[in-house]
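Colleague: Input: one structure, supplied below.
The values are calculated or read from the model by the stated rules, or taken from the named source; none is laboratory data. It should be emphasised that the depicted structure is a prediction, and the values quoted were computed from it without experimental measurement. Counting neighbours? That spans all protein chains shown, and the Cβs are built from the backbone with ideal geometry, glycine included. In case anyone asks, the SASA skips ligands and DNA or RNA and just uses the protein heavy atoms, side chains included. Shrake-Rupley method; radii C 1.70, N 1.55, O 1.52, S 1.80 Å.
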Number of protein chains: 2
Amino acid sequence: MKSAPGFLLAAKRCEIHGLEQLALTAELVGRIGRLVHLLQKERGASNIYLASGGTRFAEQRERIVAECAAAEAEVREHFGRFDTEAAPLAGGARLFSRIAWVLHGLDALPALRERIAARAFEPARATAAYSELIGGLLAVVFEAADTAGDPAVTRALVALFNFMQGKELAGQERATGAAAFGSGRAGAEAQQRLLHLIEAQERCFQVFAGFAEVPVLARWRAAQGAAVVAELERLRRVLCTAPPDGAVDADLSDAWFDCCTRRLDEMREMEDMLAAGLQQLCERKIAEARADLQDHALRVDALRGAPAPLAVFFERTPEPAGGAQVLAADGLGPQLGRSVLDMLQAQARRLQAMSDELNTVRGALDERKLIERAKGLLMARRGLTEDQAYKLLRQTAMNQNRRLVEVAEATLALADFLPPGQ
Amino acid sequence: MKSAPGFLLAAKRCEIHGLEQLALTAELVGRIGRLVHLLQKERGASNIYLASGGTRFAEQRERIVAECAAAEAEVREHFGRFDTEAAPLAGGARLFSRIAWVLHGLDALPALRERIAARAFEPARATAAYSELIGGLLAVVFEAADTAGDPAVTRALVALFNFMQGKELAGQERATGAAAFGSGRAGAEAQQRLLHLIEAQERCFQVFAGFAEVPVLARWRAAQGAAVVAELERLRRVLCTAPPDGAVDADLSDAWFDCCTRRLDEMREMEDMLAAGLQQLCERKIAEARADLQDHALRVDALRGAPAPLAVFFERTPEPAGGAQVLAADGLGPQLGRSVLDMLQAQARRLQAMSDELNTVRGALDERKLIERAKGLLMARRGLTEDQAYKLLRQTAMNQNRRLVEVAEATLALADFLPPGQ
């Protein structure tokens with residue numbers, strides 16, 4: 001029959017196990033970042049290749065595809081490490097479904113590339129296909145953030161996830177702009193899309209800034225002043241202020257691709273900083289928890305064979321809660337029972353504080369979930385595109401002078417009143 | 001190297017494992033309910049025994065203590081079933097700490113009983129001591145509700161937890177009234193406490209009613225019309241309208257104890273209904289999930305050795321999301337890849353719907369957490385009792401015409417401005 005101290009130690013071991021899971025995830029996130037980065041490059045190159053009727057970026061594209069293979073193998077290898085047979089991990093159902101989705105997409109990649117090589121379809125389609133696969137990879141990172149049990153780690157994951165999301169939107173911007181310059185035409189639709197992508201990026205980087213550590217943040221702020229950003233803004237202006245016929249100088253496509261790529265490469269380095277920081281954080285937490293377990297185990301050993309704590313449990317200083325009252329101490333080793341009690345109380349306080357903090361950090365994730373759900377609802381029920389759905393929400397928020405997340409909540413509350421999907 | 005279907009099946013297995021955990025918890029909750037019921041009885045009997053200077057309920061008390069032993073053994077046995085060495089379960093850290101806390105309290109129970117037998121302290125202290133132990137047992141049920149991953153099960157656990165909580169408050173009311181009648185005196189403090197307990201009970205039963213299934217609810221509504229409730233209200237009036245000197249007829253203590261006990265016994269039966277319903281729900285869910293797994297496994301087998309799905313992944317009907325676009329189907333078994341894709345999409349939709357519903361149900365738990373945290377904060381920082389803290393929150397809510405939970409949130413937001421604890 002297990003004892004109170006036995007369960008106290010078991011609780012600690014659960015914490016450690018959870019942290020070890022997170023450390024593994026941190027490594028996976030790093031690898032996903034590398035693969036996503038290359039898929040973003042491939043998407044951009046494919047766009048110029050297709051938009052230019054195969055006259056540009058043919059061999060750049062092949063070079064990137066080759067680089068992708070190694071990064072893909074790394075991610076697949078790491079997926080293979082999950083012990084899917086034995087101990088199912090917390091949130092495993094959702095994480096594993098996301099992984100299944102990604103693997104299915106990776107399996108389809110060769111066929112996608114063949115079609116692109118054969119110029120069998122348009123840039124927009126290529127962008128959408130790559131974007132969906134990348135979205136699946138980012139969803140794996142989101143699941144990780146959503147199931148993390150440690151507030152500090154969750155905080156780091158929220159920062160990292162939003163940064164990756166922002167970087168992906170920057171990548172979609174590169175692809176969209178590349179297609180426009182590549183074809184020498186930036187139509188109204190492309191311009192709308194670019195404006196949406198620019199704004200959505202900023203939203204992500206705001207959340208990132210709210211959760212990132214000082215050093216990364218400093219580097220991020222510094223990067224915003226770099227020449228490459230000025231150049232980017234100049235080219236953005238060229239695209240967004242194109243004449244009605246949308247004509248833009250096709251010779252700018254290399255400049256556009258290079259400056260977007262330099263920006264993305266910088267982001268990629270910061271992503272590595274964030275991933276490395278996450279890894280170190282997990283390792284530090286694990287070390288702390290192990291030391292705690294050690295200490296508890298020693299104190300528990302000291303109690304072995306000691307008499308039951310008797311009324312010590314009810315002998316604490318009175319709490320205003322009208323909880324346990326003080327009784328006269330019985331002779332039998334109160335300090336022994338006391339020491340278990342101290343551990344129990346310390347543990348309870350710590351776990352309480354952790355779950356309180358966790359709830360706070362989770363707020364950022366929940367807001368995102370609400371906005372995504374509201375967007376999805378509008379897309380399904382009103383047949384809007386993602387951009388349109390987001391614009392509708394944002395516009396409503398402005399008109400009613402409410403926060404975006406409040407409007408999202410209201411939208412979901414009205415779900416039953418919206419007409420069914422087409 | 002694991003495949004997409006491999007992870008699809010692994011996700012299902014995770015779901016099943018989670019449900020099996022819940023089924024185990026459902027059984028534990030039933031046992032905890034039985035033990036709590038007897039501890040409540042013991043608390044009430046001890047109160048009359050102490051309040052009457054040992055002249056009443058001496059042997060009733062001993063009989064109840066004897067009954068308790070069996071129920072305690074059952075709970076301890078079930079605690080022992082948790083595999084604390086291997087696969088740490090989701091939320092294990094918090095659950096196991098709660099269990100450690102309870103075991104520590106159960107170990108202290110014999111000493112508590114000796115003191116009561118020796119009439120070594122007052123009824124209020126006995127009530128507080130039993131109440132804290134019972135509170136620890138209920139906290140185990142709350143953890144279970146808080147970590148459940150299935151919305152329907154969470155819903156059932158929220159109903160059950162609030163019912164148990166309300167029953168416990170009814171038990172504290174019995175004890176408080178028993179002490180008053182036993183001593184022939186219902187002072188202002190006892191009256192205040194009674195009023196608080198009555199109101200807090202109603203709050204719990206409201207939440208219960210919001211989540212319970214129709215049959216239990218019908219029985220609950222019927223019970224409210226029973227003669228025993230009328231009798232209870234009459235005796236409540238006697239206590240709460242006692243003259244300034246608080247004199248009440250000591251001979252009413254048996255009547256009070258009996259009618260409270262009949263009410264609690266009725267609740268106990270409903271608790272069993274709820275626990276049984278929870279058990280059946282878990283079993284049904286497990287059966288469904290197993291059938292799903294079976295079906296998926298068969299479909300996956302059918303694909304073994306089949307060619308990779310190729311571009312099928314990118315061949316879905318277009319989504320307004322501007323997500324994957326339709327490509328011309330390649331010759332190679334699209335329907336094969338399609339069938340994996342169907343499973344993936346169905347799974348994703350189901351998990352999404354589940355986590356959306358879960359967030360909704362969780363609301364009830366989160367509100368409770370917020371109110372408890374705000375109460376705790378006021379108790380610590382302002383040295384209030386639980387009753388006073390709750391009254392302050394409720395009064396503020398009334399004055400500002402806001403919901404209790406909103407006031408709790410506001411209080412927590414102001415935490416740093418409140419003076420530190422004494």
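Colleague: If you check A:GLY246 against the conditions, is it open to solvent by less than 20 Å² (accessible area, probe 1.4 Å) and more than 21 Å from the chain's Cα centre (by Cα)?
Modeller: On the way: open to solvent by less than 20 Å² (accessible area, probe 1.4 Å): yes; more than 21 Å from the chain's Cα centre (by Cα): yes.
So A:GLY246 fits the description; yes.
Colleague: Give region B:214-240 a look and list any residue that's modelled with pLDDT of 90 or more and part of a loop (DSSP other than H, G, I, E, B), or say none.
Modeller: Across region B:214-240, there are no qualifying residues.
Colleague: One residue is enough: does region B:22-31 have a residue meeting the conditions at pLDDT 90 or above, of a type in the set (S, T, N, Q) and buried (at least 20 other Cβ atoms within 10 Å of the Cβ)?
Modeller: Looking through region B:22-31, none of the residues is at pLDDT 90 or above, of a type in the set (S, T, N, Q) and buried (at least 20 other Cβ atoms within 10 Å of the Cβ).
Colleague: Kindly provide the set of residues from region B:1-52 that are more than 8 Å from chain A (Cβ to nearest Cβ) and not in a helix (DSSP H, G or I), ordered by number.
Modeller: Result: B:SER52, single match.
Colleague: Say we look at region A:249-288 and pick out the residues that are among the charged types (D, E, K, R) and over 30 Å from A:VAL158 (Cβ atoms); which of these is surrounded by the fewest Cβ atoms within 10 Å (Cβ to Cβ)?
Modeller: A:ASP251
Rundown of residues vs (1) more than 7 Å from every other protein chain (Cβ to nearest Cβ); (2) surrounded by 22 or more Cβ atoms within 10 Å (Cβ to Cβ); (3) under 23 Å from the mean Cα position of the chain (by Cα), yes/no style:
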residue: B:GLY54; (1), (2), (3): yes, no, no
residue: B:ALA58; (1), (2), (3): yes, no, no
residue: B:HIS78; (1), (2), (3): yes, no, yes
residue: B:LEU95; (1), (2), (3): yes, yes, yes
residue: B:ILE99; (1), (2), (3): no, yes, yes
residue: B:PRO110; (1), (2), (3): yes, no, no
residue: B:ARG119; (1), (2), (3): yes, no, no
residue: B:GLU122; (1), (2), (3): yes, no, no
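Colleague: May I ask you to verify whether A:ALA374 is at pLDDT 80 or above and touching a Leu at 6+ places or on another chain (Cβ under 7 Å)?
Modeller: yes
Colleague: Follow-up question, since we're still on this one. Could you check region B:198-213 and list, in sequence order, the residues that are open to solvent by less than 70 Å² (accessible area, probe 1.4 Å) and either touching a strand residue (DSSP E or B) at 6+ places or on another chain (Cβ under 9 Å) or part of a loop (DSSP other than H, G, I, E, B) (or both)?
Modeller: Within region B:198-213, just B:ALA212 meets the criteria.
Colleague: State all residues of region B:392-416 that are among the polar types (S, T, N, Q) and closer than 9 Å to B:ALA374 by Cα; if no residue qualifies, say none.
Modeller: B:THR411
Colleague: Within region A:247-306, track down each residue that is over 30 Å from A:THR55 (Cβ atoms) and of a type in the set (Lys, Arg).
Modeller: Result: A:ARG284, A:LYS285, A:ARG290, A:ARG299, A:ARG304.
Colleague: Here's another thing I want to ask about it. Within region B:369-387, can you find the residues that are more than 8 Å from chain A (Cβ to nearest Cβ) and under 16 Å from B:ARG193 (Cβ atoms)?
Modeller: Within region B:369-387, B:LYS375 is the sole residue that qualifies.
Colleague: Check B:GLY149 against each of (1) closer than 23 Å to B:VAL207 by Cα; (2) modelled with pLDDT of 90 or more; (3) within 9 Å of chain A (Cβ to nearest Cβ) and name the one condition it does not meet.
Modeller: That leaves (2) as the condition not met.
Colleague: Separate question: Filter region B:363-393 down to residues that are closer than 22 Å to B:GLY210 by Cα and open to solvent by less than 50 Å² (accessible area, probe 1.4 Å) and give me whichever is farthest from the chain's Cα centre (by Cα).
Modeller: B:TYR390
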